[in-house]
Structure formats: C-alpha cells, structure tokens
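Visitor: If you scroll down you'll find the structure; I have some questions about it.
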C-alpha cells in the first residue's frame, strides 16, 4: 500500500425511494462525492430483488458508495445507522486506500 | 388651456395608456423576454406619470362641482402614482433570488463543524419522515397511496385512519342484497381458515364460519355514523401560523417577493419574524438571537423542550403528523426543487413551540375497554339465542364463544370489507369469457390508456366487429419531457415512477407559417399577461375595471348563461387553434436502437400480434373550466398531463421505416400498408381528436374519416351512458348538455374521473370483450405467447399495476377519510399558486381528491374497494415475478391489493395468498353477471 492513503468506504443499499435521504447525509457529512448504482439485484433479509425494472425506478434498490476520511466517517456511519433503523437496507463499512487523497478531503 | 372635451379625450387616452404601460412594462421587467428589463421599468414609471397626470387634468373639471372631491381625487392619484413608482424602483433594486445551499456548492469552513454536529439530527428527521408520502403540486397532480409508507405492514394497521366504511353501511348492503351471506362466510374462511370447520350445536350441524357470520350481522354497536365530507378540522394556532408562512415562502407573490427568500425557509423566517406583531414581544426578541443554521436551531428547540436521545425521532414524527399536507409537499419539494426541507420546517415549528411554551407530545386519550372475555361471552350468548331460539345451554354459549374468540371485533371491519370486495369480484370473474383469439385482420385497431374511462369508449366502438381495441399504459411506453414549439417550460409526460431523460420538442413543418403563428400567439399571451397583471397588482385593478370592465361583464354573462357558446368562441379565437403543424422530435431524443427497443417493448407488452391497416394510438386528457383539480382528471401514466405528446411520439416511432425494418429482424412484421395515427380522447366530452392530421397519408385519409364518424356515434352513446351517474343529469340529458360541462365555470362535476375504479385485468381483450365493466376496470392487454421470458409481464406488474394501485388507494382513502386524506369540498378551496389548495383561508394544504371526486352531498358515490388484480398468464411466471419484487410482495402479502389468476382461458381461477395459490371455492355464479 505504498504511497496510498487510508480512508473509509461506505456502501449503502436501500430502496430507491430512501436514497435521497442517504445522499443528503453523505453531502452533509462533507463527503466530496459518491457513486450511485440504481437497480441492483440480489437476495437479502426481505427476499429476492430482481434488479432494474423497465418503467419503474422507484421500487428498485440503489447502492450508494462513498469514500471519506476516517474522522468524518464516524458521524456518517451513526447517521446512516439511525436512518436504517426504520427502513430496509444494509450498510457495509471498510477501510480502503486512495491514490489522490486530496480528492476526498 | 384645454377644453373639457379635449381634457376628456386626453384622460381617456391616458387611462388606456396607463393600463398598457403597467401591464406590458411589468411583464418585461419580471420575465426573461429578451428585451432589457429597464425598458419595462421605464414603462412602469411612465404609468405612474400617467396616473398622476389624470388627477391633474381632472382637477379643473371637478373643482367647479365639488372642490373637496377634486382635491381628494388628485391626492389619491398622486398617492397611487407615487406608490407604484416606489414599488417599481424597489422591484428593480431587489436582487434576483439564488440558492445558497446547493448541494454541490462548497461549504464554508466555519459551517463544517455545524454540519457534522447536526448529521445525526438530520438522520433523525429523515427517519421520522420515512412514512411521509411526497405530495405533488396541483398542476401535475399524481394520485398516490397516502399510506404508501405503511405498505410494508398489513393493511389496516395504520393508526388514526379509516380503512373501512362504518359497519352499519355493510349491514345496509347486506339487507339490500348488494352483498350476500355466502360472500360473508367466504370472506370469513379466507381471513380465518380455521372457521371452515364443521360443528354441531344443539344437535344441529353447522360451520364455525356460519356462527361467526351470525355474530357479524348481529353487532349491537353497528350503528356508527357514516363518513361525512367534513372540511375543517379544528386548526391549531401554530399550524395556522406555519401554514401562512409556508404559503408566503413557497408561493411568492410575483410582484412582491418575500425578502430574504434566498436564505431558505428558516433563514427568511428568522430574518422577518422579529417584525411579526402576531408573536409576543418576548418571542420576537428570542428569534433575533436564534442561530443561523436550522439544524442548530432545531437542536436548541429540542433541548429546550427536554427532548433527547431515543425519544427525539418519535417527537419529530409527532410534529410531522401536524400539517401533513404541507409536510408531504415539503418532502416532494426538497427532492425536486430544493428550496426547502423538513429540517428547516421543523426548526421553525419546534422553536415556536418551545418559545410559546406549548407541549410537545399530544397524548391520545385512552378509553377503558370492557374485558375481551366478557365481550366475547355477551356476543356468544346473542348468537346462541338466535340459533336455539331461547335460553341457551351454558355449554353451547362456551362452544360459540370459542369460535368467536377466533374472530375478535377488531377484525370485523376488515372482514366486512373483504366481503364487499368479494361481492364485486365474484360476478366480475364469472363474466370473463373462455374465448379464442380472433383470427381475421381487423379494419382498425385502437390502443387506449388502461384508464377505466377508456373501457367505455372501447366497448362502444367494439360494437363494430371490425374494430379491435387494446389497453396500454397511456404514455405508450415513451417516457418524455415535452415542450411545445417555441414555448416556455416543459412537462414531464411520464409515470412518476421514472425520472425524465429524453426531452422531446416540436419541429414545424412550415417554418415561415410557424413564425407567424408564434408571433400571433405571443401577442395574445402578452395581452392575457398584461390583463392578468393589471388584475392582480395592487392599484391597477381600478384602471382595468374602468377601461375593460364592460367587456369582462359581457364575457361573464356569456360564460354563465351559455357556457357551451362561450367555449366555442374561445376556441375560435384562441391562438391554439392556429397552432402550427409540427412533428415531434423523437429522432433527436432517442437513438435508433432505443426507438426499436421502445417499439418492441410496446408490441410485446400489449400482445399486438397482427396489425390492421389503421392503428390509432389515443392518449387522453380532460378539459374543464375553473377546475383546480383538472390535472387529476388527466392521464396518470403521463404524470398528470394529457397524453397527446406521448401518443404522437409513439406513432412517429412506429411509422419510422428504420424501426420497422429492425422490428422485422426481431420477428415483428408490421405490414407496409399499416399506418399509426395519434389521437386524444377528451374524457369530459368523449370526443376523439386526430393529432398531426398533416401526417396522415392520402391512402389512409378515408379510413380515418370513417373511423372518426364511427367514434362520434360511439362518443354520443358513451356520453349518454355516463350521464346516468353524473350529478345534475337525468335520463333525458343530451350529449351536448353533458359536453357543455367542459366550459361551465360553475360546474364542480365536469366528469366523474376514475370514480368506481375497483379492478385491473391483465390479459387478452377477447376475455372481456362484450362485458360491460361499467368503466370501473383498468384494462391492460397482454398475450402470454408474445412474451416468452415474462419480461413484458414483469414490466406490466411493476409499472402500470403500481400506477393503478396508487390511483385506487387515492380514491379509496379520499372516500373514507374526506377530512384528513381527501381535499374536502371544492366550493371553499383557495389556491396557493399551483402548489395546492386550502379550505377557506387557513389550515393545512389539502391532500388527496376533493369530495366532488368521490361523493355527492353527504353520500359516497365511489365504492371504496381495494384493487382486484386479475391476470391471465402462466401461474409460475406470475409467481416468479412476485417473488422477485418486494413492492409486489408487500402489496399482496399485506393485503393492500388482491390477485386472482389463471394460466389460460380454459384454466381454473386461482387466488394468490401469502402461502401460495389457492383455488376459488365457489363455482362461478350466473346471477349478477356483468354482461
């Protein structure tokens, strides 16, 4: 991991209708960006999810990925956990390494 | 010196000039017209000079007759002119609003710490608002399930909401034969399968469901009051205060914008409220000291109210339940516009409550209830007396009590509701045909929206065997943002389930003619805009009344006494009549591959397996006058807009030779002699208008004329059919009288919209052709053999079905909760811009449909029935689709809708349950068939 900077990566998978609230939290936490993948499929706590639908983006799942410095990640993790207490969804947190840390400050 | 005659002429000219100068000047100053806004400002200042000049010129004329009045008139004119001039200058000096809190804007360093601190609070606000359903503005009204946030929980579990009618209403239905005892026992056995067991009571064989049914029909407490269209809930003063501020902030006066609006809702309120004398002086002083960030203010208010930790979310949720209409709209606006959010709203609300010293958690009074055992024994004794005809044996009472304990009174309303639905669904299923697909090539095929109103038109047209009809989502599978040629703004003509990605406009066929037409339209718009501004501005209504009052008086008389004639005249004079011939720019917005894909999807979704020489794609729209809820009558699949643009776009795609050639490679062969034309069905008048007539080839002109002639007869028959239900109509009402409602500005029932909607049939048309479905059924055509992998069915079940369910629940809950989830009576509505309406001058922003969409007087016109979905498709395919989509699992497993299906028209009907497919116990009855 030479010349790389350690950061925290959050992956949150939620129903698309709940994604705006997560996006707002990510922005409010000071993250400089995020990646959004709509129509993700898989099997989870609530059963199978078929993925992208042709004429319905509202009832699919969205995965949001963001990377931010460790000191800002904790507050965001607490906030997302609070949000997920009332709705379906999962959050994965992992260490990650980036080559250009200034992009994420 | 002027003579009186010269003075009079000059004053007259000045009056007209003032009217034009202010109206046109204001339009130029406040809109982006391409002309510098200073020209408009100069015109507005000249208006002030003209106003004062009128006073000066009138002085020598009036003074000889009444000196005091002459001086007073001059003073009034000077005041008016000065007042307008000051306003004009203020308008010029006021900076254009801009957003500070853009999510992409870099956040100042000193705010970063604040943002981190408030992150958890923002999450708590979002959690509290999780079940809040976004409310679309009135100009693009979208029917939604007001309880959509509760769809992951069983139907009937939401507190404070009526999910069913009063039991007395169901008993009345039983008495008049609308529902039967058979339906009641069927519903009981479905809800509580254990009740299907046999019993012997006092030596007589019976079933547990029969006993439970007796209990239901003998309820002593059944005489509950029927729902009433109550309009005004007792408003809370804080709610009224917030409603006024939200109105002012979200629907600003176009001339006098709210100062500090660029700071957001909380910032503007914080800056202005210290001057609000309706608040106590102490509170105003405290507001001056509030933090600039709404998050911090909300945190301070919660701390002042003693709220912390895990109770925070619940307290916030309680406050979001007040003013649910505004809260729903703020949630929509936060996502789509971004100039307000719920954190700002709650910051203002809780700050006020904390400073005014009001409580935070209104407690619900709980009534002592009799013990369940005592209650069950009392019910059992009543039933036992009925069965044995005298004093029952204690063992008999105990046996019956054990049965009744399995179906407690809390379950009774939902059992009655299921019975009510079963009594509708049973004859509907029995009426569906066992039919083979037609083979001959029809003369005309008509594709209409799945909207239940299309069913009437399709049925009437199908009286001619050579006409074949199809049902498809009204946006015809072409989701677009559409703007007219040279027009400002655009509409999102697509289901609310999708985000707009393709912007389609119009290209004129004749550029020079189009320019002339647009110029004429702009002149007309300028005149209309000047009149509107003069009518709405502070002082100009006087001048408007003096100059143009006679014309409007005559127009008002005509509109009132002869609305049909007025409508025809308006149509003749409107620039829309001279709209230039155009083509939609589909090829610029969709790639060739996308166009082919859209066409193939549409063909497979509706099972279009052969093609007539003429195929009409008819969208629908509703024309009415003085109707704030007009968009609620437009196409739900087109985002509450008329479907004409989508029909034109779809026809253009299907007529594209490139698309046809690619479709051939995919096994879909559209004959060369087939031409698609776009049309629009007006659901108030049942008239069908051909769109883009200049694109109809000469080879098909005669067919189109022949079809239009057929349609006119069908439209007349349908209008008469609809008149039988329209309030104010009778058996001798003519089609012309019904159509006049479109132009009648006093008419609160221009049409009945989707009133009565109760079911959705997904299957080939031949199974329902010939059935009178009474305009109550969403009809989506589907042919399983055209959809080998089930993709088309999955699309239908996850999009058109969801839109139909939203509409169904909107009508359902507006009918059962007119005061809280409906909008109340139209007659006292006041519009808040294009956002929504208030009842009277205050209270909450109203949600849902007005009472005139679901009821008449104090009676319901709409039968609140949950959507019965009926599908003809392979059962395993349906099951696979449900398993893969949580939205369908939620709706079906939690009983928000029901599903009955059969694989082919020869297969038996099966009922979906959370535990698998179940056969229908009852063989189809023949009585009450919907033929």
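Visitor: Since residue B:460 meets every condition but one in (1) within 14 Å of another protein chain (Cβ to nearest Cβ); (2) out of contact with any strand residue (DSSP E or B) (no Cβ under 6 Å at 6 or more places or on another chain), which condition does it not meet?
Guide: In the conditions (1) within 14 Å of another protein chain (Cβ to nearest Cβ); (2) out of contact with any strand residue (DSSP E or B) (no Cβ under 6 Å at 6 or more places or on another chain), residue B:460 misses (1) alone.
Visitor: Here are some residues: B:684, B:677. Which one is surrounded by 24 or more Cβ atoms within 10 Å (Cβ to Cβ), more than 20 Å from the chain's Cα centre (by Cα) and in contact (Cβ under 8 Å) with a residue 40 or more places away in the chain?
Guide: B:677
Visitor: Still on this structure: Got a sec? Which of B:126, B:135 is surrounded by 15 or more Cβ atoms within 10 Å (Cβ to Cβ), away from chain A (no Cβ under 12 Å), under 16 Å from residue A:20 (Cβ atoms) and at pLDDT 90 or above?
Guide: It is B:135.
Visitor: Of everything in region A:59-73, what is crowded, with 19+ Cβ neighbours inside 10 Å and at the interface with chain B (Cβ under 10 Å from one of its Cβ atoms)? Give them in sequence order.
Guide: A:59, A:60, A:61, A:72
Visitor: Out of B:304, B:299, which single residue is buried (at least 21 other Cβ atoms within 10 Å of the Cβ) and more than 35 Å from the chain's Cα centre (by Cα)?
Guide: B:299
Visitor: Suppose the filter is touching a residue at least 40 places away in the same chain (Cβ under 8 Å), within 7 Å of chain B (Cβ to nearest Cβ) and out of contact with any helix residue (DSSP H, G or I) (no Cβ under 6 Å at 6 or more places or on another chain); does residue A:76 pass it?
Guide: yes
Visitor: Moving on to the next point. Among the residues of region B:872-890, is there at least one that is under 18 Å from residue B:766 (Cα atoms), in contact with a helix residue (DSSP H, G or I) (Cβ under 6 Å, 6 or more places away or on another chain), modelled with pLDDT under 95 and assigned to a loop (DSSP other than H, G, I, E, B)?
Guide: no
Visitor: Let me ask something else about it. For residue B:66, which of the numbered conditions (1) at pLDDT 85 or above; (2) more than 48 Å from the chain's Cα centre (by Cα) fails to hold?
Guide: (1)
Visitor: Still on this structure: Given the structure, is residue B:782 buried (at least 24 other Cβ atoms within 10 Å of the Cβ), at pLDDT 95 or above and touching a strand residue (DSSP E or B) at 6+ places or on another chain (Cβ under 8 Å)?
Guide: Yes.
Visitor: Same structure again: Residue B:775 passes all but one of (1) within 22 Å of residue B:905 (Cβ to Cβ); (2) part of a loop (DSSP other than H, G, I, E, B); (3) touching a helix residue (DSSP H, G or I) at 6+ places or on another chain (Cβ under 8 Å); which number fails?
Guide: The one condition residue B:775 does not meet is (1).
Visitor: For residues that are out of contact with any helix residue (DSSP H, G or I) (no Cβ under 9 Å at 6 or more places or on another chain) and surrounded by 13 or more Cβ atoms within 10 Å (Cβ to Cβ), scanning just region B:696-711, find the one that is nearest to residue B:684 (Cα to Cα).
Guide: Only one residue fits best here, namely B:708.
Visitor: Under 7 Å between Cβ atoms, at least 6 apart or on separate chains: pull out the pairs that start in region B:77-103 with a residue that is away from chain A (no Cβ under 14 Å) and surrounded by 14 or more Cβ atoms within 10 Å (Cβ to Cβ) and end on any residue that is in a helix (DSSP H, G or I) and at pLDDT below 65.
Guide: none
Visitor: Continuing with this model, one more query. For region B:503-541, which residues satisfy the criterion of being outside any helix (DSSP H, G or I) and farther than 14 Å from residue B:487 by Cβ?
Guide: B:509, B:510, B:537, B:538, B:539
Visitor: Can you list the helices (runs of 4 or more DSSP H) found entirely within region B:563-677 that contain at least 2 residues being modelled with pLDDT under 90 and out of contact with any strand residue (DSSP E or B) (no Cβ under 6 Å at 6 or more places or on another chain)?
Guide: Once the helices (runs of 4 or more DSSP H) in region B:563-677 are filtered for at least 2 residues that are modelled with pLDDT under 90 and out of contact with any strand residue (DSSP E or B) (no Cβ under 6 Å at 6 or more places or on another chain), what remains is B:563-573.
Visitor: Among the candidates B:476, B:472, which residue alone is at pLDDT 95 or above, in the same structural domain as residue B:704 (by TED's automatic domain parsing) and on the phi > 0 side of the Ramachandran plot?
Guide: B:476
Visitor: Moving to a separate point now. What's the total number of residues in region B:138-160 that are part of a helix (DSSP H, G or I) and away from chain A (no Cβ under 14 Å)?
Guide: Residues that pass the stated criteria total 3.
Residue-by-condition table, conditions (1) part of a loop (DSSP other than H, G, I, E, B); (2) within 14 Å of chain A (Cβ to nearest Cβ); (3) under 20 Å from residue B:599 (Cβ atoms):
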{"residue": "B:455", "(1), (2), (3)": "no, no, no"}
{"residue": "B:464", "(1), (2), (3)": "yes, no, no"}
{"residue": "B:469", "(1), (2), (3)": "no, no, yes"}
{"residue": "B:474", "(1), (2), (3)": "yes, yes, yes"}
{"residue": "B:488", "(1), (2), (3)": "yes, no, no"}
{"residue": "B:496", "(1), (2), (3)": "yes, yes, no"}
{"residue": "B:501", "(1), (2), (3)": "yes, yes, yes"}
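Visitor: Name every residue in region B:489-521 that is without any contact (Cβ under 8 Å) to a residue 60 or more places away in the chain, surrounded by fewer than 19 Cβ atoms within 10 Å (Cβ to Cβ) and touching a helix residue (DSSP H, G or I) at 6+ places or on another chain (Cβ under 8 Å), in order of residue number.
Guide: Answer for region B:489-521, where residues must be without any contact (Cβ under 8 Å) to a residue 60 or more places away in the chain, surrounded by fewer than 19 Cβ atoms within 10 Å (Cβ to Cβ) and touching a helix residue (DSSP H, G or I) at 6+ places or on another chain (Cβ under 8 Å): just B:520.
Visitor: Looking at B:589, B:529, which one is outside the structural domain of residue B:88 (by TED's automatic domain parsing), surrounded by 14 or more Cβ atoms within 10 Å (Cβ to Cβ) and farther than 30 Å from residue B:806 by Cα?
Guide: Sole residue among the options that is outside the structural domain of residue B:88 (by TED's automatic domain parsing), surrounded by 14 or more Cβ atoms within 10 Å (Cβ to Cβ) and farther than 30 Å from residue B:806 by Cα: B:529.
Visitor: Which residue out of B:837, B:777 is in contact with a strand residue (DSSP E or B) (Cβ under 6 Å, 6 or more places away or on another chain) and farther than 30 Å from residue B:874 by Cβ?
Guide: The conditions single out B:837.
Visitor: Please specify each residue of region B:164-199 satisfying the condition of being more than 17 Å from residue B:911 (Cβ to Cβ) and out of contact with any helix residue (DSSP H, G or I) (no Cβ under 9 Å at 6 or more places or on another chain).
Guide: B:168, B:172, B:175, B:176, B:177
Visitor: Another question about this same structure. Considering each residue of region B:316-348, count those that are more than 14 Å from chain A (Cβ to nearest Cβ), over 22 Å from the mean Cα position of the chain (by Cα) and crowded, with 24+ Cβ neighbours inside 10 Å, and give that number.
Guide: Number of matching residues: 4.
Visitor: Looking at region B:857-871, can you tell me whether even one residue there is farther than 21 Å from residue B:426 by Cα, in contact with a helix residue (DSSP H, G or I) (Cβ under 8 Å, 6 or more places away or on another chain) and away from every other protein chain (no Cβ under 14 Å)?
Guide: Yes, region B:857-871 has at least one match.
Visitor: Separate question: Could you give every pair whose Cβ atoms fall below 8 Å, whose first residue belongs to region B:279-295 and is surrounded by 13 or more Cβ atoms within 10 Å (Cβ to Cβ), and whose second residue is in a loop (DSSP other than H, G, I, E, B), counting only separations of at least 6 or pairs across chains?
Guide: B:284/B:276; B:287/B:279
Visitor: Exactly one of (1) assigned to a helix (DSSP H, G or I); (2) closer than 30 Å to residue B:646 by Cα; (3) at pLDDT below 90 is unmet by residue B:374. Its number?
Guide: Of the numbered conditions (1) assigned to a helix (DSSP H, G or I); (2) closer than 30 Å to residue B:646 by Cα; (3) at pLDDT below 90, the odd one out for residue B:374 is (2).
Visitor: Consider region B:286-333. How many of its residues are in a loop (DSSP other than H, G, I, E, B) and under 30 Å from residue B:849 (Cβ atoms)?
Guide: 2
Visitor: Among the residues of region A:19-52, which ones are on the phi > 0 side of the Ramachandran plot and more than 10 Å from chain B (Cβ to nearest Cβ)?
Guide: A:39, A:42 - these are the residues of region A:19-52 that are on the phi > 0 side of the Ramachandran plot and more than 10 Å from chain B (Cβ to nearest Cβ).
The values are calculated or read from the model by the stated rules, or taken from the named source; none is laboratory data. What you are looking at is a predicted structure, and each value in this text was computed from that prediction instead of being measured. Ideal geometry is used to build each Cβ from the backbone, glycine not excepted, and the neighbour counts take in all protein chains shown.
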